[in-house]
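> Before I ask anything, here is the structure I am working with.
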Amino acid sequence: MTAINYLFRHEVAEKVREEGREEGRIADRAEMTLNILQWRGIEVPDSVRERVRTCTDLDELELRAQRAVHATDAAQLFGEE
């Protein structure tokens, strides 16, 4: 019996899959940032939660995750003291 490969190999399909992976990385990074604050016992207002979750820039989310490790207030994720 021969195994059947159902993955559609086409330029458009590959692009769609990569976009899905990118969206997954973005969502994971945003949730990790919020989790770090939660684990550290820092209250996260809805406005901050929304701002983090709507960010689509992985580099910016990485910066926010790094700031979450040292923040004493959720607003510090955005460079606000």
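Bear in mind that the values in this text are calculations on the coordinates, not laboratory data. From a predicted model like this one, the values you see are computed outputs, not experimental measurements. As a convention, Cβ positions derive from the backbone with ideal geometry for all residues, glycine included, and neighbour counts pool all protein chains shown.
> Using C-alpha positions alone, give me the convex hull volume of segment 11-78 per residue in cubic angstrom.
Given the Cα convex hull of segment 11-78, per-residue volume reads 70 Å³.
> Follow-up. Sort 63-70, 23-30, 40-47 by the packing proxy (mean of other Cβ within 10 Å over each peptide's residues), most packed first.
Packing proxy ranking, top to bottom: 63-70, 23-30, 40-47.
> Length gain on complete extension for the stretch GLU22 to SER47, per 0.36 nm per residue less the alpha carbon to alpha carbon distance?
Taking GLU22 through SER47 to full extension adds about 6.6 nm, to one decimal.
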